[in-house]
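Below is the structure I would like to discuss, written out as structure tokens.
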Amino acid sequence: MLYRESVPGASRFLVIIANITIVNTKQYTLAEQKYNGCETLSEDSMPSSPESLEAVKAILPEATSRKMMGEYLLYMDGKLFGGIYDDRLLLKITKASASILRDYPSDFPYEGGGEMILFTEPYDADLLRRTVEAMCGELPARRK
């Protein structure tokens, strides 16, 4: 007999050779899923859209991006300065970004992720450019 967790419905199944018998179809909370080693995205968490990336690239055309797990990591001059998570532009917290964007809220890219600055829409193009350029002097180069 084999035992496995079903991630999509987070239900438990008991697998007996070729026959599948449903033992329990209870829907587990996220806390129970994590306790049981079953990671899922929350229902309101969706991958970021390409349009969100295009909006940032319109302001920072020289920025490069890397898609990772449905989200976009953003680089300038080979330095990771932020990302687009759930269609929200989040910037790393540095001395420059914290000073320039002191009135902006902070948020987390995902559960367990580090705190970042939420650059709210509509984007102020001059402010975003000035902030990213100031951040790049403080950030380490991309590891290869």
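Report the local net charge at E62: Lys and Arg +1, Asp and Glu -1, summed over other residues whose C-beta lies under 14 Å from its C-beta.
With Lys, Arg at +1 and Asp, Glu at -1, the neighbours total +1.
In percent, how large is the relative contact order of region 50-136, given Cα pairs closer than 8 Å and 6 or more residues apart?
24 percent
Between beta-carbons, use under 13 Å as the cut-off and find the net charge around A96, counting Lys and Arg +1, Asp and Glu -1.
Once all neighbours under 13 Å are counted, the net charge is +4.
For region 50-136, count the residues as N, evaluate 2.2 N^0.38 Å, and divide the Cα radius of gyration by that value, please.
0.97
So for the pair R130, K57, with labels modelled 7 Å out along Cα→Cβ, what separation do we get in nm?
2.7 nm
Also, I was wondering about something else. Using +1 on the beta carbon of Lys and Arg, -1 on that of Asp and Glu, and nothing else charged, what's the dipole of region 50-136 about the Cα centre, debye to 20?
That gives a dipole near 380 debye.
May I ask you to compute the full-extension gain from E138 to K95, defined as 0.36 nm times their residue separation minus their alpha-carbon distance, rounded to one decimal in nm? Before the final figure, lay out the partial values.
Details: separation 43, 0.36 × 43 = 15.48 nm, distance 0.80 nm.
Gain in length upon complete extension: 14.7 nm.
Every number here is computed from the coordinates shown, using simple stated rules; none is lab data. As the structure is a prediction and not an experimental result, all values here were calculated from the model. For neighbour counting, all protein chains shown are included, and Cβ atoms are generated from backbone atoms with ideal geometry for every residue, glycine included.
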